[in-house]
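Everything below concerns the one structure shown next.
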């Protein structure tokens, strides 16, 4: 499950993927809201990996 921690790095380090203004959302260009969307996504991924590791240690 630790491989999931690579998703935020891949999603945010590949800048040409999100280096554009459209589509905008609530007036924010894609460049900004895409990066901000990764904050809760990364937190959720980290929690999932942490919980899966914790269950493995308990067993």
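Each reported figure results from applying straightforward, stated rules to the coordinates on display, with no laboratory input. What you see is a predicted model; the values in this text were computed from it and never measured.
Remarks
- With 0.36 nm allotted per residue and the present C-alpha distance subtracted, the residue 44-residue 30 stretch has 2.9 nm of extension available.
- For region 1-27 versus region 32-53, the inter-centroid distance based on Cα atoms is 12 Å.
- If you bin all the Cα-Cα distances of region 2-58 at 5 Å, starting from zero, the percentages per bin are 4, 18, 22, 17, 15, 10, 7, 4, 3, 0.
- Helix axis angle, 30-58 relative to the chain longest principal axis, alpha carbon, degrees: 0
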